[in-house]
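Read the structure below first, then the notes.
The values are calculated or read from the model by the stated rules, or taken from the named source; none is laboratory data. All values reported here derive from a predicted model rather than from experimental measurement. A quick note on method: Cβ atoms are made from the backbone with ideal geometry, for glycine too, and the neighbour counts reach across all protein chains shown. Accessible surface is based on the protein model in full, side chains and every heavy atom, while ligands, DNA and RNA are left aside. Shrake-Rupley method; radii C 1.70, N 1.55, O 1.52, S 1.80 Å.
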Amino acid sequence: MIDDFALPVVLSARTGTVRLRDATDADLDALMGLLADDPVSAARGDVADASDRPRYAAALRAVVEDPSNALLVAQDQAGRLVGTFQLTRIPGMARQGSTRLLVEAVRVRSDLRSSGIGGAMMRWVTDVAAPALGVSLVQLTSDAERTDAHRFYERLGFTGSHVGFKYRVR
C-alpha cells in the first residue's frame, strides 16, 4: 500500500517549514491553481477554468482512492498550499522483480521556487517514502522544456538515464 508512511510531516525549507500531508477534496481549487501556475502545464490546458472543475474533482477522487497512488500537498505556516506531487508504486518484473516509485506532477508555487520547498519534498520522497514502500528505484519524467527542473533533479542525485516517449490518445 502507498500509505506505508506516517503523514502529516513537517519539512524544513530555506523559507521556513512546510507541512506535507495527503490531499483532500478541499484542496481541489489550490491544486488546479498550482497546475495553472506552471507555463508548460498551462500550455497543455491546465488553466484552472471553473468549467474544468468536475474533471479535476474526478481525477482527484481516482488518485486518492487508488491504493497504489498518493497525492500529497505541502502547506506553508499560514495553511496555504505551496506544493504538490503524486506518488505511484509500480511493482514490476525488470531488475529482478523491482518495485519502482514514480513521482509525477511535482509543482511548487512559482513565487516560491528556489526556496528549498521542492528539495525538501523530493528528499522526503527518496529518504522516507521510498524506503518505507520497499522500492528499489525512484523515477520521474520531466518535460524537455524544463531545463531548470532538470538541473534541480540532478542536484538531488537523479540521473537523466533514459529518453521518454509519449503517445497522445486524444
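Looking at region 7-15, can you tell me whether even one residue there is open to solvent by 20 Å² or more (accessible area, probe 1.4 Å), of a type in the set (G, A, S) and assigned to a helix (DSSP H, G or I)?
There is no residue in region 7-15 that is open to solvent by 20 Å² or more (accessible area, probe 1.4 Å), of a type in the set (G, A, S) and assigned to a helix (DSSP H, G or I).
Could you grab me the full set of residues in region 71-82 that are loosely packed, with under 13 Cβ neighbours inside 10 Å and in contact (Cβ under 8 Å) with a residue 12 or more places away in the chain?
Q77, R80
Can you tell which of V106, V138 is within 27 Å of P39 (Cβ to Cβ), touching a Gly at 6+ places or on another chain (Cβ under 7 Å), free of Cβ contacts under 8 Å to residues at least 60 places away in the same chain and not in a loop (DSSP other than H, G, I, E, B)?
Only one candidate passes the filter, namely V106.
Which residues, counting only those in region 126-135, are assigned to a helix (DSSP H, G or I), among the hydrophobic types (A, V, I, L, M, F, W, C) and touching a strand residue (DSSP E or B) at 6+ places or on another chain (Cβ under 6 Å)?
A130, L133
Step by step: first the residues of region 141-170, then only those that are of a type in the set (S, T, Y) and not in a loop (DSSP other than H, G, I, E, B), then the one that is surrounded by the fewest Cβ atoms within 10 Å (Cβ to Cβ). Which residue is that?
The selected residue is T147.
Collect the residues in region 90-103 that are at negative phi and touching a residue at least 24 places away in the same chain (Cβ under 8 Å), keeping them in residue-number order.
S98, T99, R100, L101, L102, V103
Could you tell me how many of the residues in region 16-27 are open to solvent by less than 70 Å² (accessible area, probe 1.4 Å) and without any contact (Cβ under 8 Å) to a residue 60 or more places away in the chain?
4
When you look at L87, is it without any contact (Cβ under 8 Å) to a residue 60 or more places away in the chain, among the aliphatic types (A, V, I, L, M), open to solvent by less than 60 Å² (accessible area, probe 1.4 Å) and not in a helix (DSSP H, G or I), yes or no?
Answer is no for this residue.
Answer yes or no as to whether R100 is part of a helix (DSSP H, G or I), open to solvent by 40 Å² or more (accessible area, probe 1.4 Å), in contact with a strand residue (DSSP E or B) (Cβ under 9 Å, 6 or more places away or on another chain) and modelled with pLDDT of 95 or more.
The answer is no for R100.
Could you check how many residues of region 71-80 are modelled with pLDDT under 95 and within 30 Å of P91 (Cα to Cα)?
Adding up the residues that qualify gives 0.
Hey, among R113, R100, R89, R107, which residue is within 12 Å of the chain's Cα centre (by Cα) and basic (K, R)?
Unique residue meeting the criteria: R107.
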